[in-house]
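Read the structure below first, then the notes.
Quick note: the coordinates plus some simple rules give every number you see, no bench work behind them. The shown structure was predicted, so the numbers you read here are calculated from the model rather than taken from an experiment. Please note: Cβ atoms are built from the backbone with ideal geometry, for glycine as well, and neighbour counts cover all protein chains shown.
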Amino acid sequence: MPGTVILGAQWGDEGKGKITDLMADRMDFVVRYAGGNNAGHTVVCGEDEFKLHLMPSGILYPHITTVIGNGVVITPKVLLEEMDGLHQRGISCGKLRISCNAHLVMPYHLAFDHLGELSLGNAKLGTTHRGIGPAYADKADRLGMRVQDLLDEKIFKAKLEVALERKNAILTKAFDQEPFSVDEILAEYMGYAERLAPHIDDTSLLIARALDDGKKVLFEGAQGTLLDLDHGTYPFVTSSSPTIGGVFSGTGVGPKYLENIIGVAKAYVTRVGYGPFPTEQENECGELLGARGVEFGTTTGRKRRCGWLDLVLLRYAARVNSLTGIALTKLDVLSEFERLKVCVGYSYQGKIYHEFPPHQTIFHKCEPEYLELAGWSEDISGVTERADLPEAAVRYVEFVEQGAGVPVVLISVGPKRTQTIITREEYIEPIEEGPYLYREDFDPPAK
Ligand code: IMP
């Protein structure tokens, strides 16, 4: 079965772009299934660095058909700028296919994202201000504009009029803002329509046919499990489904095709925006992680919050997504730490939780229970074989495998394609020992 999924196992920014790019050379299709240009995927190819927001990472390979699935929300201006930028660097977007059912991010979505955050005051989410939440909200409200509407000016105009009647009423009356003009948006979007039309397709059929023909398809996630609208740290989440369910709803193919589901996780944890983060280190250690890991957002340039690896969350991600493997990224960043802390449980009101607590209050207020592991001082950014890693680094990786209950199939030790250790070619071999943290007799270490 030829389907592989790569998705974020933490709060996004785990390094999915690099892993997708790495695996893409053996793929025929790379499909984005969720999110929009709130995502930022950095791919380093030789000396060249590419920052992609809407474009599937496979675009750098000429043999690959890239697909933007129906679960993605598309800002046409951004997509076209990205296409132009790639074209200028000699990369063709000729094989890009865009789902006719994907929704469009409209100018008023950006306005509502901004106003929504302002009105929340101190309770704001820290969104990327790209209009993502309002675009998905309109989709659910059946007020959304879709890619296929671009192909029929009359329909586009009629739908826009309906949407703007409601949007402008709120903008002018509740927020004292200028209304949007139907004609201006229509003219702008019809300009985009002309350029996007050759790429618009029934991508559900396209992907299903490809899979039936034995073609290899990689489903590329954006954001991460803890930002999932249903399974994340709601309301501090994005408005789409970065988890495994999003693959099906966001592309229109079913689960029978999937073979590998790879969760990408950093060797530590980062988060942008607000919301709970039990292992956050608002201290020198967090600063060091951020500096060594160059933890600034690809999309907004915001400084990312940094903390120790949280195995409770990673095991949760493994469960929610049925992960078959973990790609552990940025292991090289940990090289300077003499001791490494790993969270193995949460303590709240005298009780220890070894599973992700379903009640958000616990997650907000808990104290992490850490195990300390020995660190290593060697620079590992040039290591390409697991056997050549320092012993302490191997132990760290093994600990991650045991804690998450999923094998680490790949380790990334730097941004370049060559800075990668493939640990398990077969990707799906189960680990022999049971998940460490499930032990009944688990005894959390003293602090
Ligand atoms: P939105 O997706 O712009 O609505 O933002 C909602 C939350 O998700 C905010 O906390 C953002 O910082 C976060 N977020 C959205 N996209 C990404 C991403 O690609 N990486 C990390 N965090 C993200």
Segment 103-197 - Rg and Dmax from Cα coordinates, angstrom: 13.7, 43
Three semi-axes of the equivalent ellipsoid, segment 220-306, Cα gyration tensor, whole Å, largest first: 28, 14, 11
Folded to 0 to 90 degrees: helix 391-404 orientation relative to the chain principal axis, Cα: 60 degrees
For the chain, size of Cβ-based charge dipole, Lys and Arg +1, Asp and Glu -1, in debye: 840 debye
For the chain, with +1 on Lys and Arg beta carbons and -1 on Asp and Glu, the positive-most of G71, V31, A374 along the dipole: G71
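What do you get when you divide the Cα radius of gyration of segment 1-154 by 2.2 N^0.38 Å, with N the number of residues?
Dividing the Cα radius of gyration by 2.2 N^0.38 Å gives 1.09.
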Relative contact order computed over the chain (Cα-Cα under 8 Å; 6+ residues apart), in percent: 19 percent
Calculated P(r) of segment 294-347 - Cα pairs past 15 Å, %: 64 percent
Value at 222 nm in deg cm²/dmol, rounded to 500, when DSSP H runs of n ≥ 4 in the chain each add -39,500 (n - 2.57): -9500 deg cm²/dmol
For the chain, the spread of Cα positions along each principal axis, largest first, Å: 66, 49, 39
Span from the segment 321-396 Cα centroid across to the segment 51-123 one, whole angstrom: 33 Å
Relative contact order of segment 277-355, defined on C-alpha pairs under 8 angstrom at six or more residues apart (%): 30 percent
Tail fraction, Cα-Cα pairs, segment 276-370, threshold 22 Å, whole percent: 38 percent
Shape parameters for segment 206-362, alpha-carbon atoms, Rg then Dmax in Å: 17.2, 56
Set of lysines with alpha-carbon distance to K154 below 23 Å, sequence-local pairs under 8 removed: K77, K139, K167
